[in-house]
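To keep things clear, I will list the structure first and then write my remarks on it.
The values are calculated or read from the model by the stated rules, or taken from the named source; none is laboratory data. Since we're looking at a predicted model, the values are computed, not measured. For neighbour counting, all protein chains shown are included, and Cβ atoms are generated from backbone atoms with ideal geometry for every residue, glycine included. Just so you know, the surface numbers come from the protein's heavy atoms only, side chains and all, with ligands and any DNA or RNA stripped out. Shrake-Rupley method; radii C 1.70, N 1.55, O 1.52, S 1.80 Å.
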Amino acid sequence: MQTLAVEVQDNYLQDFMNYVNNHSKNITISKDKNLELDPYFYERREELHQIRNDIKNGDIAMLSHDKLWGNIKNHLKTIEIK
């Protein structure tokens, strides 16, 4: 069995559902809660996993909380001066 994401134009949805109902022994439709909440859920998840792997492998460095906020505060000071 294969799982696919299918986008259906609003004006074609009823025709699509009729097709699915006529072939229901071969097709199962279920809503993906992740995609309902965030249409880019799986792309974002893959990107976060890659970032995490890069940090673990030492390919990129993760800043500490204090260093990050120190950088932000320094940046805000330069903006205030201008």
* Report the residue, chosen from 31, 67, 56, that carries the largest GNM mean-square fluctuation when the chain is represented by alpha-carbon nodes joined by springs under 10 Å. => 67
* **Accessible solvent surface per residue of the chain, calculated while the other protein chains remain in place, 1.4 angstrom probe, Å²** => 102 Å²
* **Extension gain from residue 26 to residue 80, taking 0.36 nm per residue of separation minus the Cα-Cα distance** => 13.1 nm
* Structure fact -> Of all GluC sites (Glu not before Pro) in the chain, the ones in DSSP coil with at most 13 other Cβ atoms within 10 Å are 7
* Asked: For the range 11-53, which whole-number percentage of the solvent-accessible area (1.4 Å probe, protein heavy atoms only) is attributable to carbon and sulfur atoms?
  -> 50 percent
* Structure fact -> Taking Cα atoms only, helix 41-57 is inclined relative to the longest principal axis of the chain by an angle, in degrees rounded to 10, of 40 degrees
* To do: Report which label in (1) 1.95; (2) 1.44; (3) 1.30 holds the value of Cα Rg over 2.2 N^0.38 Å derived from the coordinates of this structure.
  => (1)
* In terms of Cα to Cα distance under 17 Å, which aspartates and glutamates are near enough to residue 31, apart from those fewer than 8 places away along the same chain? -> 7, 10
* **Those lysines that a straight Cα-Cα span of less than 29 Å connects to residue 67, excepting residues fewer than 8 apart in one chain** => 56, 77, 82
